[in-house]
1. Which whole-Hz ³J(HN,Hα) couplings does the stretch 46-53 yield from phi under the Karplus relation 6.51 cos²θ - 1.76 cosθ + 1.60, θ = phi - 60°, glycine and proline marked x?
2. Got a sec to turn the phi values of the stretch 33-44 into Karplus ³J(HN,Hα) couplings, 6.51 cos²θ - 1.76 cosθ + 1.60 with θ = phi - 60°, whole Hz, x for Gly and Pro?
3. Full-extension gain between ALA40 and GLN54, please, as 0.36 nm times their residue separation minus the C-alpha to C-alpha distance.
4. Mind listing the long-range amide H neighbours of THR20? Cut-off is under 5 Å, sequence gap 5 or more, other chains count too, H placed in the peptide plane at 1.01 Å from N.
Amino acid sequence: MADTQPPQEPKAPATQALLTCPKCGRANSQGTRYCIICGASLSGVALAAKAAEQASSQKKGGFFSKLFGRR
């Protein structure tokens, strides 16, 4: 008797940040230079997204960290 294994579902790809076109609002994948719908440049959007990601990754001190002096 052969061992049969249930078919495995394909793994979902890692979540990828999306860039929103400032002209038409279409979501485009990271690394895209131009919108896939209207052709608008996404270079400024990519820089803004990268800056926002860096800002969110920096830990901000909350009330208790300021109160007790921990950072």
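Read-outs throughout are calculated quantities, based only on the coordinates presented, and are distinct from any laboratory measurement. Nothing here was measured: the structure is a model prediction, and the numbers come from that model.
1. 5, 5, 5, 5, 5, 5, 5, 5
2. Running phi through 6.51 cos²θ - 1.76 cosθ + 1.60 with θ = phi - 60° gives 8, 10, 4, 6, 9, 9, x, 5, 5, 10, 5, x Hz.
3. Taking 0.36 nm per residue and subtracting the Cα distance, the gain is 2.6 nm.
4. Sorted by chain and number, the residues that satisfy this are ASN28.
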